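Novice: Structure provided below as structure tokens; questions to follow.
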4 protein chains.
Amino acid sequence: MKAIRLHAYGQQPRLDEVPEPQPAGPDEVVVRIGGAGLCRTDLHIMDGWFAGTIPSELPLVLGHENAGWVHAVGPAVGHLAIGDPVICHPNLTCGVCGACKAGDDMRCVRGPRLPGLTRAGGMAEFLTTNERAIVKLGAGTEPAGLAALADGGLSAYHAVRKAVSALEPGSSAVAVGAGGLGHIGIQCLKAMTPAQVIAVDTSEDALKLALDCGADQVVSADGQQAQRVRDLTGGGADAVFDFVGEDTTIGDAVAMLRPAGTYYLVGYGGTVTLPTLPLVLGEISVVGNLIGTSTDLAGLVTLAGQGKVTLHSTRYPLEAAGDAIDDLRRGRIHGRAILVPS
Amino acid sequence: MKAIRLHAYGQQPRLDEVPEPQPAGPDEVVVRIGGAGLCRTDLHIMDGWFAGTIPSELPLVLGHENAGWVHAVGPAVGHLAIGDPVICHPNLTCGVCGACKAGDDMRCVRGPRLPGLTRAGGMAEFLTTNERAIVKLGAGTEPAGLAALADGGLSAYHAVRKAVSALEPGSSAVAVGAGGLGHIGIQCLKAMTPAQVIAVDTSEDALKLALDCGADQVVSADGQQAQRVRDLTGGGADAVFDFVGEDTTIGDAVAMLRPAGTYYLVGYGGTVTLPTLPLVLGEISVVGNLIGTSTDLAGLVTLAGQGKVTLHSTRYPLEAAGDAIDDLRRGRIHGRAILVPS
Amino acid sequence: MKAIRLHAYGQQPRLDEVPEPQPAGPDEVVVRIGGAGLCRTDLHIMDGWFAGTIPSELPLVLGHENAGWVHAVGPAVGHLAIGDPVICHPNLTCGVCGACKAGDDMRCVRGPRLPGLTRAGGMAEFLTTNERAIVKLGAGTEPAGLAALADGGLSAYHAVRKAVSALEPGSSAVAVGAGGLGHIGIQCLKAMTPAQVIAVDTSEDALKLALDCGADQVVSADGQQAQRVRDLTGGGADAVFDFVGEDTTIGDAVAMLRPAGTYYLVGYGGTVTLPTLPLVLGEISVVGNLIGTSTDLAGLVTLAGQGKVTLHSTRYPLEAAGDAIDDLRRGRIHGRAILVPS
Amino acid sequence: MKAIRLHAYGQQPRLDEVPEPQPAGPDEVVVRIGGAGLCRTDLHIMDGWFAGTIPSELPLVLGHENAGWVHAVGPAVGHLAIGDPVICHPNLTCGVCGACKAGDDMRCVRGPRLPGLTRAGGMAEFLTTNERAIVKLGAGTEPAGLAALADGGLSAYHAVRKAVSALEPGSSAVAVGAGGLGHIGIQCLKAMTPAQVIAVDTSEDALKLALDCGADQVVSADGQQAQRVRDLTGGGADAVFDFVGEDTTIGDAVAMLRPAGTYYLVGYGGTVTLPTLPLVLGEISVVGNLIGTSTDLAGLVTLAGQGKVTLHSTRYPLEAAGDAIDDLRRGRIHGRAILVPS
């Protein structure tokens, strides 16, 4: 089958012909890929950011945001039928360790087992995963339209869900960055909370997308954005979701908070630097977020099925992965790029 | 092997010779039984209470509170070694459905699969269960000493854990019934909360056991118990745990609550009858409790390993199951009866 | 001034001329009434239901759902200006006891101090309350349009808010009764949760109102309503809010729940009767609800100000209180009746 | 009366003779001081750290940890009698704003009104505060023994209480610093949670105090402390409470956490610097803490009354404030210094 493989850090991945996978273990599932999302984390993987902490064996088939149809299953798989449309949680979990039993999928002791990072991913015609990583889609759903919910969307949902109990009527929430993650985060906030939602971005197109996604207000990141948010919210927001997480956003994002507010870090790349005196006087919390659970993914897929969350995406043939990567690097993609096998 | 089997509702179960089980599925585990607890639910099973809702196929090997050592495992079992001391969660779960992924073991869509009720239990030399139902004990632990934590203790722990966030300094909690469940509940309350703990029972021996277990005060159930509790707590307790749940305890237990208090129902047998006017004016909650999760069981086993929870039990040889049943029916057991294969 | 006073239980209240109130204490506030809601609790008060538990001194000015404008203030009042549009929380709280400091307004140790029940209410031209009971409305708001949020709406909001953390994507919630409380409850559910909302009522007009309020589905209470809800929800709802609470609704409402679901009792009048076996096996919770906090009222008023909650009401001149009472008793009011001083 | 006043930043405060305060407002209370705690924040005040954010008018009577007896009350005070032993919450709150109604005392819109910082404090014979800032002590309590619970102890309690729901059986918590705050934090952890508690300090005396306070294990801060904690906890603690908050502790403290753990910052002085990649991959939270609520203070006083929390302190006559300040600066005080008027 065709697959997009990374052969060396710092190089563009290549379209290769590789053997089609078979289910090897009793709980394994082969998914025929309908679409695989391309996200900033793929750029970080290609650039070798994870080489130290989560090593990959090269060549590596990329693709950690995968959706498609069940193609083959191992003998112990009991909840799936061939042809079911499905989306794949980005971590394969054992189901037996303490973390798995508590529903804390990202801390499975057998992991991380991450397609597209520690094993072959979904920028290919087929992907092998396991039954616990599968979330079924509604009958007739087109998987390509939802693929990017599997990681980027899931990360946004997971962070928003942590904030639900704090976002009461009269509260406000800010989405810093209205791109691939942010536009899903805005929709999750509107679907799950009564908070006033403000989107902040440097791009006018992104702010337009934010309004289409239901943002109550948008603020251009022109240098005055923290003050603008404090004015709009009467002293600061209850929650700020940083979907960028670069040095350019972190300080401003924290400055948008009201006392006792929480800064949710979803994107990554920079450094959080906070003197303890204002952190204590403001009683501020900083909350890191790592993807999400399988239960979160099922919740997000439900919102999508109810029409409350829509993924804005641009499709590329699998063969054009290189073009998609270039477009992402140059900021030319709105919403999310999806690679679709022909 | 020897097994205690129920052949007909309303009859005493019999000691039978039956075939030794083998692991049939890839995730199955055969446990050599160290001890099996006998609890009031066994009497309810024998008396046919569950025949309508959760039917059993007779003859049935009884025993749903099981602990022992790993004897044999299926090929997909990855976390266990032969000889590991273990305790068995009372429900076999699939690990793949939405409830399992969220850690809600009692709502597994493949269930209920309950040894001692819907399949062969642990009043025998060996028991078959699956890997997800196994919680490991510390090396060198004697399983018989903990067997009754598997269901009765777990039910008490599960209810107490729901109350933890409401039981702040200055709060008070009542254990109605200081027997098999109650004496564990009292210890869990002392280990996990700063609440003042009051035990209520008709038996002086049970009240002595309650004091040994750390109860701050004991109240004899002499008809004035609700008023006594209101006096001791300055107007009512924040939480009342009813480990009996019969018509004789329910009304009094609810009358022990302060406004906005919660009544946790763990034992069962009677009927809750509450006029809506006092329920609303008092803003009272009534919370049913069904056993607990595997995560709960791991937590309880940890408390036991730390010496914070000790099971008070009386051991009987497996062959003397009939005597144990008679003693339980006649109220002659303090703490818990444990059946031990010879 | 004119006031509607109850002179004897079981009799229709009368329009009387009484002295206009003055602020007596340093924190007292006199409100010029814009509107006072009439609710089923007023019928219960007239009928003497509370005579035993919360005694009133007769004659009593009725009216516990009050909104208007600040007319006069005591010397210690610091947050209000004459003419501010306001709504009145139904309990006067001291602000100093442990319950008040924790935000638990209904358990103030100085209370209950309830206008319209333990002291003069707002079916009059003026009402005396205290500063802590006042929630400001947005400038230019017409108070009569919101008066019934003060108790009925608040009770619905308070119950819904308890359920927010349990009502995740994919969950479902049922409003039993789509009248004065229910139509607010439905809007609160839609504003604060992603749950599918189902309304159940005997009246076709009420079901139409429910759809106008955003209910996703409506079910006629024709005897098959519990089964209909179980079918629509795939096995039962996560939360059922009983805004009626009579014997005719309670059993059916509980039967609409899925395992581990919660029954929120808001209306009252009947008796909850639940055998412990299904309560435990279903792990069902029953949660009583008593009005709500001042913080809740501020939240609800915010939702109204944002257009997310709209009160459907019918206005009567204060002098026509008797007609309004008759119409309420005969089920001829949709939404809420509001008495407006001329 | 005698009072310790700061006349200029950077100078030692002086013992002055000043007029005795009278209750001026209706809700004001004059407290005869039994004892006033001296804490590191007093040093920060003297050194001018707060001059920019929370300005003081000099000369300023220091003392923000105050306990004593009710000496005089304004006319609206209803819950207190002359002679009642009391402890003073460090912020005077209005009781009427949204934050106060929600129990969020540190965010009162009328504040901050902090004795010892924005108004005359309790290093004197008498202090004026208001009724809402008063928490009653049990009859016969000696206030000097509890004074330091008012701020330092309260800050520790407040942070621990945030962690209660996450600290389940089997979890572990670390107290970095076992001095004035830390030794209270350790006792709160033992009283309110089943967590294993590890104390880390550079001082052997402090570690001895930690063991006396119930710490399960102690670790000397010799440079290897983060690794030692990870070893003792099998991979990191669930919660780390940093009662120091200087650059010397912050990095190590964060390195003691397990994945998904939380770092509670209570002490302050340094800067938190965290690259986003490990913060996200570890899903770490950083939680700032500002003193606590009046409800928290009542909870802490209850624990003290039950003997679960004991303050270790060294008393100095009020006149010897200078000696106490010198001893604190030089690290010669174990537990807490308390100034007692003669």
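Novice: Among the residues of the stretch C:266-275, is there at least one that is touching a residue at least 60 places away in the same chain (Cβ under 8 Å) and assigned to a helix (DSSP H, G or I)?
Specialist: Within the stretch C:266-275, none of the residues are touching a residue at least 60 places away in the same chain (Cβ under 8 Å) and assigned to a helix (DSSP H, G or I).
Novice: Still on this structure: Select from the stretch C:74-89 the residues that are of a type in the set (A, V, I, L, M) and under 26 Å from the mean Cα position of the chain (by Cα) and list them in ascending order.
Specialist: Looking only at the stretch C:74-89, we keep the residues that are of a type in the set (A, V, I, L, M), and these are C:76-77, C:80-82, C:86-87.
Correct list: C:LEU80, C:VAL86, C:ILE87.
Novice: Restricting to the stretch A:312-342, name every residue that is in a loop (DSSP other than H, G, I, E, B) and at pLDDT 95 or above.
Specialist: Going through the stretch A:312-342, the residues in a loop (DSSP other than H, G, I, E, B) turn out to be A:312, A:330-335, A:341-342.
Hit for the stretch A:312-342 is A:PRO341, nothing else.
Novice: Follow-up. Going by the conditions given, is C:GLY282 under 29 Å from C:ILE54 (Cβ atoms) and either more than 19 Å from the chain's Cα centre (by Cα) or more than 14 Å from chain B (Cβ to nearest Cβ) (or both)? Walk me through it before giving the result.
Specialist: Values: under 29 Å from C:ILE54 (Cβ atoms): no; either more than 19 Å from the chain's Cα centre (by Cα) or more than 14 Å from chain B (Cβ to nearest Cβ) (or both): yes.
No, not satisfied.
Novice: For C:GLN227, are the conditions met, namely being over 26 Å from A:LYS190 (Cα atoms) and more than 10 Å from every other protein chain (Cβ to nearest Cβ)?
Specialist: Details: over 26 Å from A:LYS190 (Cα atoms): yes; more than 10 Å from every other protein chain (Cβ to nearest Cβ): yes.
Judged against the criteria, C:GLN227 is a match.
Novice: Name the residues in the stretch C:222-250 that are small (Gly, Ala, Ser) and in contact with a Gly (Cβ under 9 Å, 6 or more places away or on another chain), would you? Lay out the reasoning, then the answer.
Specialist: First pass over the stretch C:222-250, keeping only residues small (Gly, Ala, Ser): C:223, C:226, C:234-237, C:239, C:245.
Scanning the stretch C:222-250 gives C:ALA226, C:GLY236, C:ALA237, C:ALA239, C:GLY245.
Novice: Can you go through B:ARG113, B:ARG40 and tell me which one is out of contact with any Asp or Glu (no Cβ under 8 Å at 6 or more places or on another chain), of a type in the set (D, E, K, R), away from chain A (no Cβ under 14 Å) and touching a residue at least 12 places away in the same chain (Cβ under 8 Å)? First the steps, then the outcome.
Specialist: Values: B:ARG113 fails: away from chain A (no Cβ under 14 Å).
One residue alone meets the criteria, B:ARG40.
Novice: Across the stretch B:87-101, which residue is nearest to the other protein chains (Cβ to nearest Cβ) among those that are open to solvent by 10 Å² or more (accessible area, probe 1.4 Å) and small (Gly, Ala, Ser)?
Specialist: B:GLY98
Novice: Which of (1) modelled with pLDDT of 95 or more; (2) open to solvent by 30 Å² or more (accessible area, probe 1.4 Å); (3) not basic (Lys, Arg) is the odd one out, the single condition D:LEU62 does not satisfy?
Specialist: (2)
Novice: Also: When the stretch C:279-305 is examined, which residues are found to be touching a residue at least 24 places away in the same chain (Cβ under 8 Å), open to solvent by less than 10 Å² (accessible area, probe 1.4 Å) and assigned to a helix (DSSP H, G or I)?
Specialist: Once the filter is applied, which keeps residues that are touching a residue at least 24 places away in the same chain (Cβ under 8 Å), open to solvent by less than 10 Å² (accessible area, probe 1.4 Å) and assigned to a helix (DSSP H, G or I), the stretch C:279-305 yields C:SER294, C:ASP296, C:LEU297, C:GLY299, C:LEU300, C:LEU303.
Novice: Name the pairs whose Cβ atoms lie under 6 Å apart, with the first residue in the stretch A:74-86 and away from every other protein chain (no Cβ under 14 Å), the second surrounded by 12 or more Cβ atoms within 10 Å (Cβ to Cβ) and in a loop (DSSP other than H, G, I, E, B), and 6 or more positions between them or separate chains?
Specialist: A:PRO85/A:LEU137; A:PRO85/A:THR141
Novice: Among the residues of the stretch C:208-223, what is the count of those that are assigned to a helix (DSSP H, G or I), touching a strand residue (DSSP E or B) at 6+ places or on another chain (Cβ under 9 Å) and either within 14 Å of chain A (Cβ to nearest Cβ) or open to solvent by 10 Å² or more (accessible area, probe 1.4 Å) (or both)? Before you say what the answer is, go through the steps one by one.
Specialist: First, pick out the residues of the stretch C:208-223 that are assigned to a helix (DSSP H, G or I): C:208-212.
Add one more test, that the residue is touching a strand residue (DSSP E or B) at 6+ places or on another chain (Cβ under 9 Å), and what stays is C:208-211.
After this cut, where a residue has to be either within 14 Å of chain A (Cβ to nearest Cβ) or open to solvent by 10 Å² or more (accessible area, probe 1.4 Å) (or both) as well, the list is C:208-209, C:211.
Total satisfying the criteria: 3.
Novice: Could you tell me which numbered condition C:ALA144 fails, if it satisfies all but one of (1) closer than 25 Å to C:THR93 by Cα; (2) open to solvent by 20 Å² or more (accessible area, probe 1.4 Å); (3) of a type in the set (A, V, I, L, M, F, W, C)?
Specialist: Of everything listed in (1) closer than 25 Å to C:THR93 by Cα; (2) open to solvent by 20 Å² or more (accessible area, probe 1.4 Å); (3) of a type in the set (A, V, I, L, M, F, W, C), C:ALA144 misses just condition (2).
Novice: Just need a number here: residues in the stretch C:195-207 that are outside any helix (DSSP H, G or I) and over 15 Å from C:VAL240 (Cα atoms). Full working, then the answer.
Specialist: Of all residues in the stretch C:195-207, those outside any helix (DSSP H, G or I) come to C:195-203.
Pick out the ones that are also over 15 Å from C:VAL240 (Cα atoms) and you get C:202-203.
Count: 2.
Novice: Test of understanding: among D:ASP201, D:ASP104, which residue is acidic (Asp, Glu), within 10 Å of another protein chain (Cβ to nearest Cβ), open to solvent by 20 Å² or more (accessible area, probe 1.4 Å) and within 19 Å of the chain's Cα centre (by Cα)?
Specialist: On the way: D:ASP201 fails: within 10 Å of another protein chain (Cβ to nearest Cβ).
The match here is D:ASP104.
Novice: Hey, any hits in the stretch D:67-74 for a residue that's crowded, with 16+ Cβ neighbours inside 10 Å, over 22 Å from D:THR302 (Cα atoms) and of a type in the set (A, V, I, L, M, F, W, C)?
Specialist: Scanning the stretch D:67-74 turns up at least one residue that is crowded, with 16+ Cβ neighbours inside 10 Å, over 22 Å from D:THR302 (Cα atoms) and of a type in the set (A, V, I, L, M, F, W, C).
Novice: On to the next question. Filter the stretch A:151-183 down to the residues that are hydrophobic (A, V, I, L, M, F, W, C), assigned to a helix (DSSP H, G or I) and more than 15 Å from A:PRO90 (Cβ to Cβ), then identify the one that is most open to solvent (accessible area, probe 1.4 Å). Can you show your working first?
Specialist: First, pick out the residues of the stretch A:151-183 that are hydrophobic (A, V, I, L, M, F, W, C): A:154, A:156, A:159-160, A:163-164, A:166-167, A:173-176, A:178, A:181.
Going one step further and asking which of them are assigned to a helix (DSSP H, G or I), we end up with A:154, A:156, A:159-160, A:163-164, A:166.
Okay, now just the ones that are also more than 15 Å from A:PRO90 (Cβ to Cβ), so A:159-160, A:163-164, A:166.
Working: A:ALA159: 0, A:VAL160: 0, A:ALA163: 1, A:VAL164: 24, A:ALA166: 61 Å².
Among those residues, the one meeting the criterion is A:ALA166.
Novice: Under the condition of being open to solvent by 20 Å² or more (accessible area, probe 1.4 Å) and of a type in the set (Gly, Ala, Ser), which residue from the stretch A:116-141 is nearest to the other protein chains (Cβ to nearest Cβ)?
Specialist: Among residues in the stretch A:116-141 that are open to solvent by 20 Å² or more (accessible area, probe 1.4 Å) and of a type in the set (Gly, Ala, Ser), the one nearest to the other protein chains (Cβ to nearest Cβ) is A:GLY138.
Novice: Further question on the same structure: Restricting to the stretch D:193-208, what's the tally of residues that are aliphatic (A, V, I, L, M) and touching a residue at least 60 places away in the same chain (Cβ under 8 Å)?
Specialist: Here is the first cut: in the stretch D:193-208, the residues aliphatic (A, V, I, L, M) are D:195, D:197-200, D:206-207.
Still in the list and also touching a residue at least 60 places away in the same chain (Cβ under 8 Å): D:206.
Residues that pass the stated criteria total 1.
Novice: Kindly indicate which of D:VAL272, D:VAL254, D:VAL240 is β-branched (Val, Ile, Thr), open to solvent by less than 20 Å² (accessible area, probe 1.4 Å), more than 10 Å from chain A (Cβ to nearest Cβ) and under 24 Å from the mean Cα position of the chain (by Cα). Walk me through it before giving the result.
Specialist: On the way: D:VAL272 fails: more than 10 Å from chain A (Cβ to nearest Cβ); D:VAL254 fails: open to solvent by less than 20 Å² (accessible area, probe 1.4 Å).
Result: D:VAL240 is the single residue among D:VAL272, D:VAL254, D:VAL240 that is β-branched (Val, Ile, Thr), open to solvent by less than 20 Å² (accessible area, probe 1.4 Å), more than 10 Å from chain A (Cβ to nearest Cβ) and under 24 Å from the mean Cα position of the chain (by Cα).
Novice: If you don't mind, there's one more thing I want to ask. Output the residue which, of all residues in the stretch B:306-337 that are more than 14 Å from chain D (Cβ to nearest Cβ) and of a type in the set (Val, Ile, Thr), is surrounded by the most Cβ atoms within 10 Å (Cβ to Cβ).
Specialist: Filtering the stretch B:306-337 for residues more than 14 Å from chain D (Cβ to nearest Cβ) gives B:310-337.
Narrowing further to those that are of a type in the set (Val, Ile, Thr): B:310, B:314, B:325, B:333.
Values: B:THR310: 16, B:THR314: 15, B:ILE325: 21, B:ILE333: 19.
Here the residue is B:ILE325.
Novice: Assess whether C:VAL29 counts as being among the hydrophobic types (A, V, I, L, M, F, W, C), touching an Asp or Glu at 6+ places or on another chain (Cβ under 8 Å) and under 30 Å from D:CYS94 (Cα atoms). Quick ask: steps written out before the conclusion?
Specialist: Values: among the hydrophobic types (A, V, I, L, M, F, W, C): yes; touching an Asp or Glu at 6+ places or on another chain (Cβ under 8 Å): yes; under 30 Å from D:CYS94 (Cα atoms): yes.
Yes; evaluated as a whole, the condition is true for this residue.
The values are calculated or read from the model by the stated rules, or taken from the named source; none is laboratory data. What you see is a predicted model; the values in this text were computed from it and never measured. Glycine also receives a Cβ, built like all others from the backbone with ideal geometry; neighbour counts cover every protein chain displayed. Surface areas here come from the heavy atoms of the whole protein model, side chains and all, with no ligands, DNA or RNA. Shrake-Rupley method; radii C 1.70, N 1.55, O 1.52, S 1.80 Å.
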